[in-house]
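K.L.:
I'd like to ask some things about the structure below.
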Amino acid sequence: MKKILVTGGLGYIGSHTVVELQNEGYDVVVIDNLNNSSDQVQSRIESITGKPFELLVGDVNDTVALQSLFKKHSFDGVIHFAAYKAVGESVENPIMYYQNNVSGLISVLEVMNTFKVSNLIFSSSCTVYGAATDLPVTENTLIQKAESPYGTTKILGEEIIQDFAKHKAFKSILLRYFNPVGAHPTAHIGELPLGVPSNLIPFVTQTAAGIRAQLTVYGDDYATLDGTCIRDYIHVVDLAKAHVKALKYASEMSKSVDVFNVGTGNGTTVLEVIRAFENVNGIKLNYKIGPRRAGDVEQIWADTTKVSEVLGWKPQYGVEDMMKHAWAWQQGLTKP
Ligand code: WQD
């Protein structure tokens, strides 16, 4: 039985990945500081898989706590999710983002090095491509200066791992996520909203639930088919499964570091997302068109040739599935 440490394993993508790891027979240990999650998620994950796992409530920056875990367990690999991910917040508080996201990664690498654990899956982001002009983006698309400190922490994270792997017997896979959305089909786990959502889908579901009065579509004057921005939305369960595929590949790949875009390869506009949500759930969504949001790129979606050919991974859910599962999760959250 392979044993994997999942940092941030009670978070949105982390929790769905723990489910898929357990489904594949992995033994999982989680460290999570509950900054952007809740310890209730542990029992919710176990309600899906029927398999318990150890949770350490702690921070990856606490190297001593990490060392205690590595002393206790012989890990075959680490999936590192623990990081802050709100673009707007990172602009307001860059030091908090560099401290948590960059120093946290360094702490994980230090302890992995001490205990000779050599497989790391790193949670990166399509944000590293910035406002790419050559679409769809491939893994060779130019990395541009990030539009936010959050994006910079992902670019720095990739660089740090590349440099670290040059001098160590170490394998790492960098997964560049596109837009993770939706929730587990059981509706037992999903995106836990903290405060006013900045991302589109939680705002859509909270508007439909009456928590938010109205959704604002940030601009409809872009050079796209309906004027609204295009993104590559990927179901969080599909994304989670890509991590399991990456883990298997990491242990056998000849390279020390490899990079994969993890998207669906399909671009969808904001208005198309709203239509899909309305159609699959039979709900009329209250929205208006507002001004553009600073920092938004007009359009980006993934070339998924590499992830499908090398990892043998293909997404199974479409946008309507994502909207159906996102709404079912929201309804469970707001059930009286
Ligand atoms: C999507 C589209 C908005 C809210 C984020 C992170 C990025 C990465 C992917 C982790 C845009 C529009 C949104 C709203 C709207 N995450 N929108 N009204 O900005 O593409 O990327 O997720 O790696 O780092 O920033 O996602 O959901 O915020 O926006 O019209 O109330 O929806 O303008 O076109 P984004 P998003």
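The values are calculated or read from the model by the stated rules, or taken from the named source; none is laboratory data. Computed from a predicted structure; not experimentally measured. Methodologically, a virtual Cβ is constructed for each residue, glycine included, from the backbone with ideal geometry; neighbour enumeration extends over all protein chains shown.
K.L.:
If you check Asp226, Asp221, Asp163, which single one turns out to be surrounded by fewer than 17 Cβ atoms within 10 Å (Cβ to Cβ) and touching an Asp or Glu at 6+ places or on another chain (Cβ under 8 Å)?
P.N.:
Asp226
K.L.:
Report those strands (runs of 3 or more DSSP E) wholly inside the range 90-186 carrying at least 1 residues which are more than 11 Å from the ligand (Cβ to nearest atom), among the aliphatic types (A, V, I, L, M) and touching a strand residue (DSSP E or B) at 6+ places or on another chain (Cβ under 6 Å).
P.N.:
Answer list for the range 90-186: 119-125, 171-177.
K.L.:
Residues being of a type in the set (Val, Ile, Thr), closer than 27 Å to Thr114 by Cβ and touching a residue at least 24 places away in the same chain (Cβ under 8 Å): count how many of those fall in the range 33-89.
P.N.:
5
K.L.:
Still on this model: Just checking, how many residues over the range 8-32 are assigned to a helix (DSSP H, G or I) and either more than 21 Å from Leu66 (Cα to Cα) or not small (Gly, Ala, Ser) (or both)?
P.N.:
The qualifying residues number 10.
Listed here are the residues, each with its yes/no results for (1) touching a His at 6+ places or on another chain (Cβ under 8 Å); (2) at pLDDT 95 or above; (3) of a type in the set (A, V, I, L, M, F, W, C).
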site: Arg212; (1), (2), (3): no, yes, no
site: Thr216; (1), (2), (3): no, yes, no
site: Asp221; (1), (2), (3): no, yes, no
site: Cys229; (1), (2), (3): no, yes, yes
site: Tyr233; (1), (2), (3): no, yes, no
site: Val237; (1), (2), (3): yes, yes, yes
site: Tyr249; (1), (2), (3): no, yes, no
site: Ser254; (1), (2), (3): no, no, no
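K.L.:
Within the range 242-288, how many residues turn out to be farther than 14 Å from Val181 by Cα and part of a helix (DSSP H, G or I)?
P.N.:
18
K.L.:
Let me ask something else. Quick check on my filter: what residues within the range 261-279 are out of contact with any Leu (no Cβ under 8 Å at 6 or more places or on another chain), polar (S, T, N, Q) and more than 30 Å from Ile121 (Cβ to Cβ)?
P.N.:
Asn279
K.L.:
Can you pull out the residues in the range 295-332 that are free of Cβ contacts under 8 Å to residues at least 40 places away in the same chain and polar (S, T, N, Q)?
P.N.:
The one that is free of Cβ contacts under 8 Å to residues at least 40 places away in the same chain and polar (S, T, N, Q): Ser308.
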